[in-house]
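Below is one structure, written out as structure tokens, with a few remarks after it.
The values are calculated or read from the model by the stated rules, or taken from the named source; none is laboratory data. In this text, all values refer to a predicted model and were calculated from it rather than measured experimentally. With ideal geometry, Cβ positions are generated from the backbone for all residues, glycine too; neighbour counts draw on all protein chains shown.
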Protein chains: 2
Amino acid sequence: MRDNLHLPFRPRNEVPVAPPQQQAALPRVVIVGGGFAGLWATRALARDDVRITLIDRRNHHLFQPLLYQVATAGLSAPDIAAPLRHILRGQRNVEVRLGEVAGIDAAAHSVTLNDGDALGFDYLVLASGAMHAYFGHDDWATHAPGLKTLDDALAIRRRLLLAFERAEAAETSEERAAWLNFAVVGGGPTGVELAGTLAEIARHTLRNEFRRIDPAEAKVRLLEAGPRVLPSFPESLSAKARAQLQRLGVEVVTGVPVDAIAADGYSLGGQAVQARTVIWAAGVAASPLGALLAAPRDRAGRVQVNADLSVPGHPGIFVAGDLASVQQDGRPVPGVAPAAKQMGAHVARVIRARLRSREGVAALAPAFRYRDFGNLATIGRMAAVVHFGRLRLSGLPAWWFWLLIHVFFLIGFRNRLIVLINWAWAYWSYQRHARIILGQDPAPPDRSSP
Amino acid sequence: MRDNLHLPFRPRNEVPVAPPQQQAALPRVVIVGGGFAGLWATRALARDDVRITLIDRRNHHLFQPLLYQVATAGLSAPDIAAPLRHILRGQRNVEVRLGEVAGIDAAAHSVTLNDGDALGFDYLVLASGAMHAYFGHDDWATHAPGLKTLDDALAIRRRLLLAFERAEAAETSEERAAWLNFAVVGGGPTGVELAGTLAEIARHTLRNEFRRIDPAEAKVRLLEAGPRVLPSFPESLSAKARAQLQRLGVEVVTGVPVDAIAADGYSLGGQAVQARTVIWAAGVAASPLGALLAAPRDRAGRVQVNADLSVPGHPGIFVAGDLASVQQDGRPVPGVAPAAKQMGAHVARVIRARLRSREGVAALAPAFRYRDFGNLATIGRMAAVVHFGRLRLSGLPAWWFWLLIHVFFLIGFRNRLIVLINWAWAYWSYQRHARIILGQDPAPPDRSSP
């Protein structure tokens, strides 16, 4: 092992957790990212003699699988998020730091934050996740926002709700039609969820609320360049999902790529379509922090890690979650929450094994294996698909299954209860309680020019 | 009466409510503002043969008395707001229009929106409320945000939560102390609520969550230039409120005006105080829309209306709510929710009387009288003051009274239930579920310069 593992500890702590002398001697683990991978790694090290610093740009852990519900006004932002400090308040070997990583010096075992602070580490876990990718069309980002953070969700909610307001105030039928044309690009789980829920909003939630438009006349299109929606599911379930989407009122277009996206519409296979609201659910790329490591990366920017999730040439640095590129049985491990949690827990086990071997106890650093418990996606009201081993469900049973799983895994008793009440309310009333437009200046563009 | 009351109706409506010929003949009422005054006026006209357009810059009615709970992370934004369209979906004589009023032509009976559209009216109700005022110190607005909208509340929440994060990351004890110094300017109900709740957050909610600071060491000061807090209450209750604030850990400073507010602190009676977080709850001014009427206004910009709330010289134009300056028994009617609701309902009665008298039925346009049912303010956990006629309560009984009244008046069954659950949760756990920092770039300022 390296001999510079214990860099001097600068005691800024006025509320010491353990006697400073003893604390300074503990190995330091820096974990970047409080998503599923980073948080699960942190929790798995709760009983180890380490000092952990968990760094995140946001103050909260986000339950990303329900993010589309915030974007479609079914849930409030705080319903699916919890402050990282609060989750970890009882774990005394962790400190949480709000900040952004600006640099990683692998040789000096140090991470620099964008406020200039440097944190030394013995072990580093990079779990900063993924972001949207526009496949070289970064100019599409303005017109077709993606969904990765709560701020993204609130911005999409704002756009969706404003579109109906603009349609109501439209002067011409062309303008009205353009505001009532919605497109979701990408037929993966997020795209399917967004399109299905949006169709439900137009057909049910907004019923009777407008006087000049009929929201049910809104056109919701789901655009998938590949041959079928939900490509990670068996073909039979893809077909069922497509049928359920169509029953909800979504027009599903597969096999044609989007060529262009602008403020007033998009182009599909050379055909221009007037549509003022386009949502991007098509591509993800790894967090740019992966590029701070001198390590091989795949086409999506994910770091190609060793079997134990360590970075080649840096046994003390690990990558977990969506930022890690892991092959298993010839296929990539998917970028889903269970895989991220398993990677986080695995990294904790490897770090523990390293600590033991430093203490002279022989401990094996095992290879990571993803245990695929199954795959599920919701489509809309009473519509979902579930693929768990030999179990294949669709429609109402799948929806109930999805609901129970998601509420069960949501962090915190209060959140679960509130989310269940909100769902029960939405189920019986067709209402979505968070239909509140936030953000400055929701006034429409000036139309007064002659 | 004027003979140009019925301007031609431009039928843009493709989903007509009544036969267009019949509808075009109905008197048009334009109501600006979906707060308590505007919404209550709209609802009171539900059974009248009028066509109402309700215009608001926001898509929601806001239950302003609980806005401080959103600012202090106890409630989510959607918990205290409901879309105006949804509230009014069953009232077929109303259309809701999202937009901002840019001009009022009283002679031509027309209102212009900022998208250029013009709406003709027979009756106009201006109920656009109030905003913060900095008494000629508009430069203070950046450093001491006020609380009037949900966006304001989310911005204050962000500041309060970030202050503790900055304190945790501070390099020096001076910097740490400046981040842990909070000041609320203004000892009215909003200031008292904010200061009391902020002290509770520092002492209880954040306990055990930080490693380098003790949040309970935060200093929360309530600054009131006048001789006592809650000046609209009897002196005995002001004294009780002060004692309750002090028990919660708030330092109450009365009788000294704030001279200056800057990014790093404020000056109080010539004494500079380092404090990075200052909240403004000191002054309100009327909405600038009042200035669009050629009518006398008081010092705060409120329109001085006739006894029936019509604007002098314009019998078809009314002002209601916080924008109206009404004297009663030698004292101004206060800018509180019950007064706004009563004014809104009163304007509806006057409009109805005018319609009857046009039809040849003699109907009296009565003078507005404010019925003061009482006054109540919350201070913090189990602390409040209540003044209802001869009833004077403080402490726990007042808090229960306040809680029941506020939840009872909150619009919508679902909101009430969710708010009650959130309160029950907060009560037993000391937790506040909405501690989520939203908004771009919560990263701290760069400190890396040598």
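Structural remarks
- Among the residues making up the range B:109-146, those that are modelled with pLDDT under 95, more than 14 Å from every other protein chain (Cβ to nearest Cβ) and part of a loop (DSSP other than H, G, I, E, B) are B:Ala133, B:Tyr134, B:Phe135, B:Gly136, B:His137, B:Asp138, B:Asp139.
- Which listed residue is touching a Gly at 6+ places or on another chain (Cβ under 7 Å), within 30 Å of A:Leu124 (Cα to Cα) and in a helix (DSSP H, G or I), from A:Gly290, A:Gly301: A:Gly290
- Count of the range B:114-135 residues which are closer than 19 Å to B:Asn59 by Cα and surrounded by 24 or more Cβ atoms within 10 Å (Cβ to Cβ): 5
- Residue within the range B:210-221 that is more than 14 Å from chain A (Cβ to nearest Cβ) and under 24 Å from the mean Cα position of the chain (by Cα) present: yes
- Among the residues of the range A:266-282, those identified as closer than 18 Å to A:Arg158 by Cα and over 24 Å from the mean Cα position of the chain (by Cα) are A:Ala275, A:Arg276.
- Set A:Arg207, A:Arg242: member being of a type in the set (Lys, Arg) and either modelled with pLDDT under 95 or touching an Asp or Glu at 6+ places or on another chain (Cβ under 6 Å) (or both): A:Arg207
- Checked against the criterion of being crowded, with 17+ Cβ neighbours inside 10 Å and under 29 Å from A:Asp138 (Cα atoms), the candidates A:Leu248, A:Leu198 yield just one match: A:Leu198.
- Top-ranked residue in the range A:68-90 [being of a type outside the set (Val, Ile, Thr), within 13 Å of A:Val419 (Cβ to Cβ) and under 14 Å from the mean Cα position of the chain (by Cα); ranked as farthest from the other protein chains (Cβ to nearest Cβ)]: A:Gln69
- Only a single item in (1) touching a strand residue (DSSP E or B) at 6+ places or on another chain (Cβ under 9 Å); (2) closer than 24 Å to B:Arg435 by Cβ is not met by B:Val253, and it is number (2).
- Of residues in the range B:321-337 being touching a residue at least 40 places away in the same chain (Cβ under 8 Å) and farther than 17 Å from B:Ala291 by Cβ, the one surrounded by the most Cβ atoms within 10 Å (Cβ to Cβ): B:Val326
- Count of residues meeting criterion [surrounded by fewer than 18 Cβ atoms within 10 Å (Cβ to Cβ) and either more than 10 Å from chain B (Cβ to nearest Cβ) or not in a loop (DSSP other than H, G, I, E, B) (or both)] in the range A:160-173: 1
- Scanning the range A:174-189 for any residue that is surrounded by fewer than 24 Cβ atoms within 10 Å (Cβ to Cβ), within 9 Å of another protein chain (Cβ to nearest Cβ) and outside any loop (DSSP other than H, G, I, E, B) turns up at least one such residue.
Let's see how each residue does on (1) farther than 24 Å from B:Ile52 by Cβ; (2) free of Cβ contacts under 8 Å to residues at least 24 places away in the same chain:
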site	(1), (2)
B:Lys341	no, no
B:Gly374	yes, yes
B:Gly380	yes, no
B:Val385	yes, no
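- Any pair with Cβ under 6 angstrom, 6 or more apart, that starts in the range B:92-108 at a residue that is facing chain A (nearest Cβ under 8 Å) and ends at one that is surrounded by 19 or more Cβ atoms within 10 Å (Cβ to Cβ) and acidic (Asp, Glu): B:Leu98/A:Glu165
- Reported count of residues in the range B:249-265, each being over 25 Å from the mean Cα position of the chain (by Cα) and not in a strand (DSSP E or B), is 5.
- Criterion: over 24 Å from A:Ala130 (Cβ atoms), more than 21 Å from the chain's Cα centre (by Cα) and of a type in the set (D, E, K, R) - qualifying residue of A:Arg349, A:Arg369, A:Arg331, A:Arg390: A:Arg390
- Failed item, numbered, when A:Gly270 is tested on (1) out of contact with any helix residue (DSSP H, G or I) (no Cβ under 6 Å at 6 or more places or on another chain); (2) modelled with pLDDT of 95 or more: (2)
- Test result for B:Arg349, of a type in the set (D, E, K, R) and either modelled with pLDDT under 95 or loosely packed, with under 14 Cβ neighbours inside 10 Å (or both): no
- Within the range A:37-67, the set of residues being aromatic (Phe, Trp, Tyr) and under 14 Å from the mean Cα position of the chain (by Cα) comprises just one member, A:Phe63.
- Here A:Glu193 qualifies as surrounded by 24 or more Cβ atoms within 10 Å (Cβ to Cβ), in a helix (DSSP H, G or I), out of contact with any Leu (no Cβ under 8 Å at 6 or more places or on another chain) and in the same structural domain as A:Val220 (by TED's automatic domain parsing).
- Selection count, the range A:37-90, where residues are closer than 20 Å to A:Ala324 by Cβ and touching a Phe, Trp or Tyr at 6+ places or on another chain (Cβ under 6 Å): 0
- Residue that is farthest from the chain's Cα centre (by Cα) [pool: residues in the range B:196-209 that are assigned to a helix (DSSP H, G or I) and touching a residue at least 60 places away in the same chain (Cβ under 8 Å)]: B:His204
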